[in-house]
Amino acid sequence: LGNCSTTVNLGRPEATNNCDINTVVASVNNQPIDPDTFLFEVGTTEVTWTVTDSSGNSNSCIQNVTVVDDEMPVITECALPIEVTADPGACVASNVNLGLPVATDNCGIPENGITNDAPNEFPLGETIVTWTITDNSGNTVSCTQPVTVIDGEIPEVNCPIDLVINVDPNSCTATNVELGRLDVQDCTNVTVSNNAPDVYPLGNTIVTWTVTDAAGNTNNCDQTITVIDNIPPTFTSFVSDVTVECDEVPEREDLTASDNCGDAVVTFEEIRRDGNCPSNYTLERTWTATDAANLTTSFTQTITVQDTTAPEFVGNLPQDITVECDAIPEPETLNAFDNCGIATVSVNDANTPGDCLGSFTILRTWTATDACNLTTTHTQVINVIDTTAPTPTQAIQDNITVSCTDIPDAPEVEFTDNCSSDIIVVFNEVNEFDDTVFEDYLIRRTWTVRDACSNEAVYTQTLNVTLDEFVTTIDDRFDTRRDGTPGGSRCFNDGVIDLNTEFLDSDVVGIWEIVEGDRQATLRGNIFDPTTLVLDDDFKPGSEPKNYLLRHTALRDGCINVTEVIIDINAECIVLPCGDTDVVISKAITPNGDGNNDRFDIMGIELCGFIANVKIFNRWGALIFESNNYALGEGQGTFQGNSPSSSFGNSGTVPNGTYYYIINLENSGLAPFTGPIYIGTK
């Protein structure tokens, strides 16, 4: 008792042996023990007995020794009683720190040997918590702990909403007001009271609500009751709507009003709403009665203001007149009066055309206009006439002597007219130059001017012109051309040449002619066409160009003007067809004397400079024709089916049939041409 180990009287095992027994030994866990003093722990311990004889023979047996703990734990102090406040907003306490009891045991208490039956949440009032202590051998002992939860939170109160109430119709107070329900949250029963009056005056009344719970905790809230005056004041006098002239607007009236809860103050406001003109408008006069509660009643009078009277001219008015077109008077300044304000006077001239531009009628109208566009007019008739012809603004020299190379341009004469700018100028120039007679001549210039009313004058100028002749030579072979390219020989196949564009300063009317050169090239007007030239042995690539002299004769600026142009035309832009695919050889001939297909021809390379060596064989390989310089070109062949001897045919021709040719073109670099040819002599 009081510890967890003990000695045990183990006794001794019984043993027999044919010889003497030498030793009897007890051991625990293979360690010898003294069975009289060995302390056994709580639980079962296995003791091994070994008996040995004098000869060293031994035998063993097992003895189990069980020690039990039957001593109860001892509680020296239970957990102390505690008092806690309920959690905020709840009627329970959670997470309460209970503390621990103090206990001892002879064999020790395990870590999980102290337990209790405490709830997670403690209700209001006292709760008994039982603690249980269990030692390692399952021996238990208990004690109790009182836990008291008190209500320390005031009730949660939400007052009814504030109220706005209209006054009773016959007084300035409110009665029988329904305040609404109070919202209370608490853990216990509560009592509710307020200080609401029976009669509520105008304005705000504070009603205080008081709530007390079972623990004596109290809370207050305030509700505002607002009594308002919703009955507006009334007018005791009125005025009517009217329509008046702009100079007869009435003065405003002073209106009065009364109110059920006291005096009413009357204010005035006037709004002008413009109409379609400054003197046509509407006045809205509004009287507003306001009581102490700022309730208002309004009354509006509408005054329609109008202007119906036109303005009047003041003073003497202009009368009708007749004047020259350059003596039209400026408009006079007239004044006007208007009953409603200022009248403006404008003037406008309306022209009525007459027989001509300088003869017309002016209707000059003055218009007096008031602010509302009411008008009064006065019209003056002005008859305008024109009797004067236009005159030049500078002097015209009437007689001049000049050279045909320096004939001055006709002067740009400007004319002016006293009545209009619509002047008709007819200029005429008569040139008496005769391109068949080389002598001086006259140029007569005439300006006939007429204004819009047919007032006419004539002005003349005479030029005595001395005749000169000029020749210009252009060498296209050397001179730089108009497009900036250098001069030189031209290829005939480059196309036609517009001689006017290429060599003349402008489209001068004249005659082009070919003075020198091959006439295979054509000239039609100003178009020179060398493309009509035909290639031959004298005109082909590598040959000398053809030289042309072209002459243009024209009348230019009153003089005889000659332009001579030298042009060289070559054939360098042509590539001759001198390949094997360009050679065309007769496939058949019919030498019957009818002039059609009578000869064997080699065509297509006439200008290539080749020498044709030709041999013709019959089908047995016998040579019937040979030429070492065969004439080329269609119609130029010399073989016409002729037989070299009677052994190859009759009547000087070979028989019908197929023959074979070999053609070697010297200087061509081409392989010999071979093939069949059919000869039909019948």
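Residue farthest toward the positive end of the dipole of the chain, with Cβ of Lys/Arg at +1 and Asp/Glu at -1: which of Asn383, Ala395, Gln520?
Going by the charge dipole, the pick is Gln520.
Could you sort 201-207, 178-184 so that the peptide with the highest average Cβ count within 10 Å comes first and the rest follow in order?
Result, highest mean first: 201-207, 178-184.
Would you mind putting 338-345, 264-271 in packing order, based on average other-beta-carbon counts within 10 Å, highest first?
Highest to lowest by the protection proxy: 338-345, 264-271.
For Cα pairs less than 8 Å apart in space and 6+ apart in sequence, what is the mean separation divided by the residue count of the chain, i.e. the relative contact order in percent?
Computed over the chain, the figure is 5 percent.
Taking the Cα centre of the chain as origin, work out the dipole magnitude from +1 charges on Lys and Arg Cβ and -1 charges on Asp and Glu Cβ, in debye rounded to 20.
4200 debye
So, with +1 on the Cβ of K and R and -1 on the Cβ of D and E, and no other charges, what is the size of the charge dipole of the range 113-210 about its Cα centre, to the nearest 20 debye?
80 debye
Computed on alpha carbon atoms, what radius of gyration and Dmax characterise the range 380-527, expressed in Å?
24.8, 87
When the accessible area of the range 426-566 is split by element with a 1.4 Å probe, what percent falls to carbon and sulfur?
Carbon plus sulfur share of accessible area: 46 percent.
Could you state the per residue volume, in Å³, of the convex hull enclosing the Cα atoms of the range 212-339?
220 Å³
Given the protein chains as shown and a 1.4 Å probe, how many square angstrom of Thr148 are accessible, to the nearest 10?
40 Å²
If a/c stays under 1.5 just call it rounded; otherwise compare a/b with b/c (prolate if a/b is bigger, oblate if not). Do that for the range 211-257, with a ≥ b ≥ c from the square roots of the Cα gyration tensor eigenvalues.
prolate
Convex hull over the Cα atoms of the chain, averaged projected area in nm²?
Projected area, direction-averaged: 120.1 nm².
Taking the convex hull of the Cα atoms, report for the range 28-115 its projected area averaged over all directions, in nm².
Averaging across all directions leaves 9.9 nm² for the Cα convex hull.
Eigenvalues of the Cα gyration tensor times 5, then square-rooted: what semi-axes does that give for the range 310-363, in whole angstrom, largest first?
Three semi-axes, in Å: 30, 12, 8.
Can you give the Rg to Rh ratio for the range 404-467, taking only C-alpha atoms and Rh from Kirkwood?
With Rh from the inverse mean 1/r over Cα pairs, Rg/Rh is 1.12.
Going through the range 1-79, which GluC sites (Glu not before Pro) have at most 12 other Cβ atoms within 10 Å and a DSSP loop state?
Passing sites in the range 1-79 are Glu14.
With a probe of 1.4 Å, find how much accessible area the range 71-197 has per residue, and write the answer as a whole number in Å².
The answer is 59 Å² per residue.
Go through the range 328-385 and name the chymotrypsin sites (Phe, Trp or Tyr not before Pro) that are in a DSSP coil and have 10 or fewer other Cβ atoms within 10 Å of their Cβ.
Nothing satisfies the criteria.
Can you give the calculated 222 nm mean residue ellipticity of the chain, where each DSSP H run of n ≥ 4 adds -39,500 (n - 2.57) and the sum is split over every residue, rounded to the nearest 500 deg cm²/dmol?
Mean residue ellipticity, 222 nm, calculated: 0 deg cm²/dmol.
Counting Lys and Arg as +1 and Asp and Glu as -1, each charge on the Cβ, what is the dipole of the range 451-553 about the Cα centre in debye, to the nearest 20?
Dipole magnitude for the range 451-553 comes out near 220 debye.
Along the charge dipole of the range 183-336, pointing to its positive end and built from +1/-1 on Cβ of Lys, Arg, Asp and Glu, which listed residue (Gln319, Val211, Thr224) has its Cα farthest out?
Looking along the dipole axis, the top candidate is Val211.
Calculate log10 I(q)/I(0) of the range 140-239 for q = 0.12 Å⁻¹, where I(q) comes from the Debye formula with a single equal point scatterer on each Cα and nothing for solvent.
Result of the Debye calculation: -0.57.
Which one of Thr446, Cys340, Thr473 has its Cα pushed farthest toward the positive end of the charge dipole of the chain, where Lys and Arg give +1 and Asp and Glu give -1 at the Cβ?
Sorting the options by dipole projection puts first Thr473.
The values are calculated or read from the model by the stated rules, or taken from the named source; none is laboratory data. Just so it is clear, the structure is predicted and the values come from calculations on it, not from any experiment. Using ideal geometry, Cβ is built from the backbone for each residue, glycine included, and neighbour counts are taken over all protein chains shown. Calculation scope for accessible area: heavy atoms of the full protein, side chains included, ligands and nucleic acids excluded. Shrake-Rupley method; radii C 1.70, N 1.55, O 1.52, S 1.80 Å.
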